[in-house]
Structure formats: structure tokens, C-alpha cells
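The structure appears right after this line, and notes come after that.
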Amino acid sequence: MAPAVSPDTGTGFFMSESDTSGAARAAEFERWANVFTAHKAFSHPSELHGVLCGRLAAGTRIEEQQWLAMVCEHMGLADQAMEESDDLAPFMYGAYEKTLAQLQSSEMTFQPLLPDDDYAIEQRLEALIAWVRGFLEGMALAAGASLGQAPDEIRELIEDMVAISQLSEDEESDDESEQQLLEITEYVRLGALAVFTEFNEPEKPAGATPTLH
């Protein structure tokens, strides 16, 4: 789908880590969607966010230039796009830092990048499927064969995500469908956090070392 463009095209890209209200999450998706629209990207913002989360959850940390190159590849942009744009590189590197901080947060503030319920249910399901496909791709790229040695509950979770990624995007809007989508989204959110916990060392206690956030 072509992401909707919101009036907010300023440079106030970043929410605080603790700001996870529905309105803030919706605004975050619109910011990503605006960037994708402005650069005529052919891919879905939720998919790229999923790829990033999959790689981070599997224990990989990405150097800035490597991450920006990944962004260009997924958005279908030429390599020089980062140099030609004033806002793309700062936005995407800020998004990387924020996503990692949310995954690391003991408050479990992480949320997949998804549109809110102002979008039709078909569009929200399409975005969720795109995010899950991206997450699986990123996780496979980062962890590879080691996923086969993961605990049973993680392997079962991955199998469930594969099934979710294959769902049909044609869904009638009714109360039951809305509830099912809500439950699947929460399952995916908690699943991503479970994978992150499995493949990443716990953060050091506050005060042990300076943080960047």
C-alpha cells in the first residue's frame, strides 16, 4: 500500500523511550511513512523496521554506514541518496538508536512499527505481515544456523511467526477480526522481546557504565 502522508513533515522525529501511547505510536508510523513517501520508496516501512528488529533481537549490532546501506537497499534507493538528503540519514540512525533502546528497556516499551486503527483492517494486517516477514529475514541474516539450537519455546515462536507471515491480507472488519488482530499483534510484540532476551546479554545495572541515552 502507499503509506498515508500526515501533515507533520518537520524534523521532530523522536519520541521519548517512555512515550508509548497509542497516539505516539501512530505518529511514529506516520513519520516513517512520510520518509518513505518523500523518497518514493517501493517497500513498506513496517518491513524495514521488522528487519532491523530481527537483527537486533538475534544479537547483532549494526554500524551506522552498514545500517544506512541496508536502508537504501530496502527502500530501493541509490547509494548516494543518503548524501543527497538532509533528513534521511539522521532520521534512520535515530530510529536505529531508539529501536535498540526500546528492545533493551526493562519496562518492555517496545512496539512494532504499525499503523493505528484509523487505517482499514486490511492495511493494518498487511503492515503486521510485512513487519513479521522483515523480522524473520533480519533474524535469519543475523543468527543463521544458530536458530536451530535455540530453546524449544523460541523455535516454536519462530514457527508461529512464519505462520503469521503467511496469513491472507483479505480480512473483513468486524469485532472478532479486530480482536484477533490485536491479540496477534501483542503476541508478535512479546515474541520479539522474548527473542531479544534469548540472544542478548542483560544490560548492566544503571550506573555501572555511562549510557548513550
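Structure notes:
- Phi angles of segment 70-76 translate, via the Karplus equation with coefficients 6.51, -1.76, 1.60 and θ = phi - 60°, into HN-Hα couplings of 4, 4, 4, 4, 6, 7, x Hz per residue; Gly and Pro are given as x.
- Here is the tail figure for segment 22-199: Cα pairs spaced more than 26 Å apart come to 28 percent of all pairs.
- Each residue of segment 34-44 was assigned a 3J(HN,Hα) from its phi angle through the Karplus expression (A = 6.51, B = -1.76, C = 1.60, θ = phi - 60°), giving 4, 4, 5, 5, 4, 9, 6, 5, 9, 9, 9 Hz with x at Gly and Pro.
- Peptides 152-163, 57-68, 186-197 ordered by packing proxy, namely the average of other Cβ atoms within 10 Å per residue, highest first: 186-197, 57-68, 152-163.
Every read-out reported here was derived from the displayed coordinates using simple, explicitly stated rules and does not represent laboratory data. Bear in mind that the values here come from a model prediction, so they are computed numbers and not experimental data. Cβ sites come from the backbone with ideal geometry, for glycine too, and all protein chains shown count toward neighbours.
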